[in-house]
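Heads up: the structure comes next, in C-alpha cells.
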Amino acid sequence: MKSWPAQGWPWRLARALLPGALLPGALLLAQMVGAPAHAASLFVVCQSGAEISVVDTERGTVERIGVAKAPAGIALSPDGRTAYVSHPDASLLTRIDTATRRVIDTTPVGGQPFAVVADPADGALYVSDWSADTVYRLDPATLARTGALKVGRSPAGLALDALARRLYSADRESNAVSVIDLATFSRLASVPVGQAPYAFAAGNDPRFIAVANVRSGDVSLIDKADHSVARIAAGRMPYGLAIVPGTGHILVANQPSGTVSRLDPAAGRETGSLRLGGAPESVVISPDGRHAYVTEWFADAVAVLDLEGLAVIARIPVGTGPRTMALVP
C-alpha cells in the first residue's frame, strides 16, 4: 500500500526555526480585530494529536474532540451540522455533530480515504482513495459506496463545482487533475498541471479552478471552459490555498519556506508574502474576506492574519500537528 503524504522536515528542526511566541488560547480576538457579526467555529484537524480542535473565532478559545488516529481531511455537510473526517492510515471516516461537538460514529470505509467533499445538491460524499487511485461516492446516511471511479495516481485534494456539476481530483503522482462529470460520474478529462498537485483553493470562481503543485512550487489555474492552464509561481512546496472573496486574490501556504504568498490571478504573479514559520499547511478565509486562518503544522497553532495589511494578528494554540480546517458558521 502506498503511503499518503506525511511531508517533510524533522520536527525538532522545524520547531527551532519558528519565529515568535504563541499567544494565549483564550485571547479575546474580538478586542484585536473587531467582533464578527456572527462568530464562526473553526474545526481544525490535528493529525498527530488525533483530535479536532474547535476554535471560537471571536474569543480564541478552543474545545477538543478526540477522534481515531491520524485524521487528515475534513468536509461539512451542506447544512453544516455534520463534519466528516478521514483517516487514511486506518481506513475510517468519522462523523461529528458540529453543534454538540460529539463524535456520531466512526465507520470503516476501506482503502486510504484522504480528501472529502459533500455535494450541496444531495449531500452525497466524494472521497479520494490515495492508494487505490479511485474516487468513491458515498451515501451520506450510511457511508456505503454508491459509486467508484478510477482517476490518476494518488488522488489527494478534491473540489466540487456545484453549479457546473463538476468534481476535480488532484492526482498527485500523475501531475494532473481529473475532471469528473457528476451527473454520469465519469471522467471527462485529465489535465496536465505542475508537479505533484495536492490541494485546491476553496471558493467557487466560475472561470477557473486553482490547484497547488507541491514539487514545482507554483499554482495552476485551470480554465473551466477549455481546460487550458496558466501557472503562477508561489513559494517552496505550496500545500494549502484559498481564494479571498471580493479581491479574487489567492493565499498560498508554502510549507518548508514557512511563508504565505498572495497571488493575483489577473496579473499572473505574487503581490505579497508573509513569513510565518511552523510549516504552514492550509488556509481558510473568513466569510467577510477580512481575515485568514492558517494552520502551522509544526507550531501546533493557527495563525490569524489581517488580509488588508497581510500581517499576523494572533496565534491560537491547538492540538498537535494541525493540518486541514473547515469553518462552521
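The values are calculated or read from the model by the stated rules, or taken from the named source; none is laboratory data. All figures in this text were calculated on a predicted structure; none of them were measured in a lab. Here Cβ is always computed from backbone atoms with ideal geometry, including for glycine, and neighbour counts include all displayed protein chains.
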Please find, among 24, 36, the residue that is exposed (fewer than 15 other Cβ atoms within 10 Å of the Cβ) and modelled with pLDDT under 95.
-> 24
Among (1) under 18 Å from residue 88 (Cα atoms); (2) surrounded by fewer than 20 Cβ atoms within 10 Å (Cβ to Cβ); (3) touching a helix residue (DSSP H, G or I) at 6+ places or on another chain (Cβ under 8 Å), the one test that residue 156 misses = (2)
Take residue 148 and decide whether it is in contact with a strand residue (DSSP E or B) (Cβ under 7 Å, 6 or more places away or on another chain) and surrounded by fewer than 17 Cβ atoms within 10 Å (Cβ to Cβ).
-> yes
Per-region count, the stretch 107-121, residues surrounded by fewer than 17 Cβ atoms within 10 Å (Cβ to Cβ) and either at pLDDT below 95 or touching a Lys or Arg at 6+ places or on another chain (Cβ under 9 Å) (or both) = 3
Take the stretch 153-199 and flag every residue that is of a type in the set (S, T, N, Q), touching a Phe, Trp or Tyr at 6+ places or on another chain (Cβ under 8 Å) and not in a loop (DSSP other than H, G, I, E, B).
-> 178
Exception for residue 184 within (1) under 18 Å from residue 127 (Cβ atoms); (2) out of contact with any strand residue (DSSP E or B) (no Cβ under 8 Å at 6 or more places or on another chain); (3) among the hydroxyl-bearing types (Ser, Thr, Tyr) falls at (1)
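Each row is one residue, and each column tells you yes or no for (1) of a type in the set (A, V, I, L, M, F, W, C); (2) in contact (Cβ under 8 Å) with a residue 12 or more places away in the chain; (3) assigned to a loop (DSSP other than H, G, I, E, B).
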site	(1), (2), (3)
253	yes, yes, no
257	no, yes, yes
270	no, yes, no
274	yes, yes, no
277	no, yes, yes
281	no, yes, no
292	yes, yes, no
298	yes, yes, no
Would you point out the residue of the stretch 57-69, among those that are buried (at least 18 other Cβ atoms within 10 Å of the Cβ) and within 19 Å of residue 299 (Cα to Cα), that is modelled with the highest pLDDT?
-> 62
Would you pick out the residues in the stretch 77-88 that are within 19 Å of residue 135 (Cβ to Cβ), of a type outside the set (A, V, I, L, M, F, W, C) and crowded, with 18+ Cβ neighbours inside 10 Å?
-> 84, 86, 87, 88
What's the number of the condition residue 96 fails, among (1) within 15 Å of residue 301 (Cα to Cα); (2) buried (at least 20 other Cβ atoms within 10 Å of the Cβ)?
-> (1)
Could you please give the count of residues in the stretch 66-81 that are hydrophobic (A, V, I, L, M, F, W, C), closer than 10 Å to residue 94 by Cα and either without any contact (Cβ under 8 Å) to a residue 24 or more places away in the chain or not in a strand (DSSP E or B) (or both)?
-> 2
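Would you mind stating whether residue 230 is surrounded by fewer than 23 Cβ atoms within 10 Å (Cβ to Cβ), modelled with pLDDT of 95 or more and closer than 26 Å to residue 177 by Cα? Show your work before the answer.
Working: surrounded by fewer than 23 Cβ atoms within 10 Å (Cβ to Cβ): yes; modelled with pLDDT of 95 or more: yes; closer than 26 Å to residue 177 by Cα: yes.
In short, yes.
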Checked pairs for the stretch 309-329, first surrounded by fewer than 17 Cβ atoms within 10 Å (Cβ to Cβ), second in a loop (DSSP other than H, G, I, E, B) and modelled with pLDDT under 95, C-beta under 6 Å and 6 or more apart or across chains, list as 329/40
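In the set 216, 220, 178, which member is among the small types (Gly, Ala, Ser), over 21 Å from residue 258 (Cα atoms) and modelled with pLDDT of 95 or more?
On the way: 216 fails: over 21 Å from residue 258 (Cα atoms); 220 fails: over 21 Å from residue 258 (Cα atoms).
None of the others qualify; the one that does is 178.
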Among residues of the stretch 43-65, those that are assigned to a strand (DSSP E or B) and touching a Phe, Trp or Tyr at 6+ places or on another chain (Cβ under 9 Å), counted = 6
Subset of the stretch 183-199 [among the polar types (S, T, N, Q) and under 19 Å from the mean Cα position of the chain (by Cα)] = 195
Under the condition of being assigned to a loop (DSSP other than H, G, I, E, B) and under 19 Å from the mean Cα position of the chain (by Cα), which residue from the stretch 300-320 is nearest to residue 61 (Cα to Cα)?
-> 318
Give the residues of the stretch 97-114 that are without any contact (Cβ under 8 Å) to a residue 60 or more places away in the chain and either of a type in the set (Gly, Ala, Ser) or farther than 22 Å from residue 157 by Cα (or both), sorted by residue number.
-> 97, 99, 100, 101, 102, 103, 104, 105, 110, 111
